[in-house]
Every structure is written in C-alpha cells, then in structure tokens.
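Undergrad: Here it is, the structure in full.
Taken together, the values in this text are just the output of simple stated rules run on the coordinates, not laboratory data. What you see is a predicted model; the values in this text were computed from it and never measured. All Cβ positions, glycine included, derive from the backbone under ideal geometry; neighbour counts span all protein chains shown.
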Amino acid sequence: MKDRESELDAFKRLNLSVIASANGYEIEKKKSTKHSVLMSSGSDKIIVSQKGQHYVYCSVHQAGSSGTAIDFTQKVIEPGCDLGRVRQLLRPYLNSGYLSDVQQKHKGRYSPEIKPSEIDLAGVSARYSRFVPIAQPHKYLCDVRGIPFNLLQSQRLQGRIRHCPRRGSVVFPHWGCPTQSGSDDRSLVGYEIKGQSVNMYSRGGKKGLFISAGMKGDDTLAVTESGLDALSYMAVRGEQGLRVASISGRLNPQQPELIRSAIGRMEEGSTVIAAFDNDRAGDELTEKLAGLVTETNRKDLHFKEDRPQARNADWNKVLMQEALRTGCIQTTSPSLER
C-alpha cells in the first residue's frame, strides 16, 4: 500500500507541462511567467504552476477541471478513467529514458522549470498600505466605467476600495485565511488591481474574497467574478439590503470555504445570488455556487441566478450601456474589454 501511495505522490511531482505537451498542449510564452505557464490546445487553455513539490493545473474555461497530474489524466487525457488507468498512463513518465524522449520530441512546447509561487503576506500588507482611499470622483471608475461616486462613498464600501493616485488604478482588497489550517477569514491575503489596460493580482498574495461591509437587515448576498462587477451590480440593482462579494476570476481551492463562511453570516431567510458573467465560465460558477448554498444545509436560504441577459455580457457592460444612454460617460475603449 505504501508503494502505491508513493507512486501517486511521484505522479504529482512530475512536470505537468511536459505531460500536457505530450497530449497536444503548447506553451504560450508571452503569457507565461516563471511561476505560471499558460498552455493551449485548440480552444482549450490551462494554467500550470507548482505548489510545494507538486505540479497543478487549472482550466481557463472549465471551472471543475483542476488539480494534479492525476486529475489532469482523469479530466483531460481520458475523462472518467479510474486510478488503474491513470497508473498505466503516467508510469512511463517515471522512467528517465521515456521522459527524456518526450522532452526532446516536444522541446519548446513546455516549460523545463516552473518555480513555486511564494506567498508573502507581509509584503502584500506593506504594499497595500501605500494605496489611499477614494475621496473624489475617480477618473477610471466614474468616468470610464460608470460607477457612481456616491456609491463609492457609501457606508458599505468605506475602507473596502483604494486606489493608486500615480497610476490611476483601483485596488480591491481580498480577505481570507492566512494559513491553510486556520479559521480566521478576515485577514488581508491579496488584492485585485484594475485600471485602464490593467487587470492583475497582487504579487505574493493569494485570492480570498472582496466583500462589501455587512449591515443589519441585509437579506441578499450577490457573488460576482470581479470587484468591478460587484460595484456595477450594486449600481444597477441598488444597495439596499445587498451585500456583494467577488472572487477575481476562477475559484481557487480555498475560496469555496470562504464563500460558505460569507453565506453563513447572512440572516435567516436570505437570498444568495449568482451574479456572474453570462458566458461559459459564468455558467459553471453559477452551478458551483448553487452547490455551495446546498452544502450549508440551511433550509431557510434561497438561491437565485441574476446574470446579464445578453450572452458574453457582464454587469459592468450593463451599467456602461445605461450610463451611455443617460450621458454619464461619453465613450468606451476597446482596450478595456476583458
């Protein structure tokens, strides 16, 4: 039994980008870093990174497709195959001669080395402290993205959004648990950065949840994909009784528990809303959120889907269309499309 477990661990230590390259994927070098490699095969894209001594992947388009080389085998190479078949497919890569042949054959299509990402929460906190609260109408948020300034000044968002005066970008802090085993989910663990031609996440951080301040009587929690969408949803639907949260893209392994915790803080009879983009990723996130609500075992909760009507639209696009009609903003820029 120990040998079989050791073998599974050895599979997880294999350079997953090599295995992916042998199965039709190729690295996109301009969109890859030393910590994160983007690979594509036709219309499918995956991100490969290293966590500790294990290599992991996540699909850009398939929300449920992520994990180690074992998961990659069962979800991508031969969907639904059992562990016995996984062993058959991955054992050759443990042979140095076979591995060398594969590397030679697919040279240039994979990354020879992917360095583990380094979590530096002290550095994240220090850098975040340099950003400042938004005290006047913000050029990017208000003029370009149509976010009302009075919303930015609301009690719900006090201390929840900052900006960089020099660059004009907006910062959405993410709260979560600083350790894998801890229970505190209110620590700063990273921040999302949005601006003109800027869409990135803090160096040294990890994703938690951006969430507005809770108030007594809140009966609705809406979950969106980005901080910008969270603000836009509040602007379109109104902030009365509404608490918003965002995940900044795809779910990581820690975020489902954070969402369950946020749901658990809602009052009896509350509604949880999937306010994701109207696209394939949003479809999958909606299904995932519905499952998380069910997992709370709270029979008093209600689940609702409230996404933009137009396919491939998000809530900021909905807000911007309304702002253009009313003259609140004058134009949009193609460079701002996500």
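Undergrad: Where in the chain lies the longest segment free of GluC sites (Glu not before Pro) that are both loop residues by DSSP (not H, G, I, E, B) and have at most 16 other Cβ atoms within 10 Å?
TA: Details: sites that count: 28, 113, 118, 267, 268, 337.
In short, 119-266.
Undergrad: Here is a further query. State, as an integer percentage, the relative contact order of the chain based on alpha-carbon contacts under 8 Å between residues 6 or more apart.
TA: On the way: 597 pairs, mean separation 41.4, N = 338.
This gives 12 percent for the chain.
Undergrad: Taking Cα centroids, how far is the range 17-93 from the range 239-256 in Å?
TA: If we compute the Cα centre of each part, the gap is 26 Å.
Undergrad: Let me ask something else. All other residues with a Cβ under 12 Å from the Cβ of residue 11 taken together, and with Lys, Arg as +1 and Asp, Glu as -1, what is their net charge?
TA: Neighbourhood net charge equals +1.
Undergrad: Can you check what the net charge comes to around residue 83, using other residues whose Cβ is under 11 Å from the Cβ of residue 83 (Lys, Arg +1; Asp, Glu -1)? Write down the numbers at each step before the final one.
TA: Values: positive: 4, 85, 87; negative: 7, 82.
Residues near residue 83 contribute +1 overall.
Undergrad: Under 19 Å between alpha carbons, and skipping anything fewer than 8 positions from residue 206 in its own chain: which aspartates and glutamates qualify?
TA: 118, 120, 184, 185, 192, 225, 257
Undergrad: Next question, about the same structure. For the pairs 30/194; 139/317; 75/194; 30/51; 29/139; 30/207, note any where the Cα-Cα span goes beyond 26 Å. All intermediate terms of the calculation are to be shown ahead of the outcome.
TA: Details: 30/194 21 Å; 139/317 17 Å; 75/194 33 Å; 30/51 22 Å; 29/139 33 Å; 30/207 23 Å.
Going by Cα-Cα distance, 75/194; 29/139 fall outside the 26 Å limit.
Undergrad: Loop-only check: which chymotrypsin sites (Phe, Trp or Tyr not before Pro) in the range 77-179 are DSSP coil with at most 15 other Cβ within 10 angstrom?
TA: Within the range 77-179, no chymotrypsin sites (Phe, Trp or Tyr not before Pro) qualify (loop, at most 15 other Cβ atoms within 10 Å).
Undergrad: Give the order of 47, 134, 247, 161 when sorted by the count of other beta carbons within 10 angstrom, beginning with the fewest. Working shown, then result.
TA: Values: 47 17, 134 20, 247 26, 161 23.
So the ranking, lowest neighbour count to highest, is 47, 134, 161, 247.
Undergrad: Could you state, as a whole-number percent, how many of the C-alpha pairs of the range 185-274 are farther apart than 20 Å? Walk me through the numbers on the way to the answer.
TA: Numbers: 1376 of 4005 pairs.
Of all Cα-Cα distances in the range 185-274, 34 percent exceed 20 Å.
Undergrad: Taking the square root of 5 times each eigenvalue of the Cα gyration tensor, what semi-axes in Å does the equivalent ellipsoid of the range 95-195 have, largest first? Please report the intermediate quantities before stating the final value.
TA: Values: eigenvalues 333, 79, 26 Å².
The answer is 41, 20, 11 Å, longest axis first.
Undergrad: Before rounding to the nearest 500, sum -39500 (n - 2.57) across all DSSP H runs of length at least 4 in the chain and divide by the residue total; then give [θ] at 222 nm in deg cm²/dmol.
TA: On the way: 11 runs with 101 residues, N = 338.
Taken over the chain, the calculation gives -8500 deg cm²/dmol.
Undergrad: Take every DSSP beta bridge with both residues inside the chain and express the antiparallel ones as a percent of the total, to the nearest 5. It would help to have the intermediate numbers written out before the result.
TA: Working: 34 of 47 bridges.
Antiparallel bridges: around 70 percent, rounded to the nearest 5.
Undergrad: Based on Cα positions only, what radius of gyration and what Dmax would you give for the range 1-82, in angstroms?
TA: When restricted to Cα atoms, the range 1-82 yields Rg and Dmax of 12.6, 43 Å.
Undergrad: Find the Cα radius of gyration of the range 1-155, compare it with 2.2 N^0.38 Å by division, and give the number to two decimals.
TA: Numbers: Rg = 21.0 Å, N = 155, 2.2 N^0.38 = 15.0 Å.
Scaled against compact globular proteins, the figure is 1.40.
Undergrad: Also: Report the net charge of residues surrounding residue 269, where surrounding means a beta-carbon distance below 15 angstrom and charges are Lys +1, Arg +1, Asp -1, Glu -1.
TA: Working: positive: 216, 243, 265, 298, 299, 304; negative: 218, 219, 267, 268, 300.
Cβ neighbours under 15 Å give a net charge of +1.
Undergrad: While we're looking at this one, here's another question. In terms of modelled amide H atoms, which long-range or inter-chain residues lie less than 5 Å from the amide H of residue 191?
TA: 174, 202
Undergrad: To one decimal place, what orientation-averaged projected area in nm² is obtained for the convex hull of the Cα set of the range 126-280?
TA: Values: hull surface 37.8 nm².
If I average the Cα hull's projected area over directions, I get 9.5 nm².
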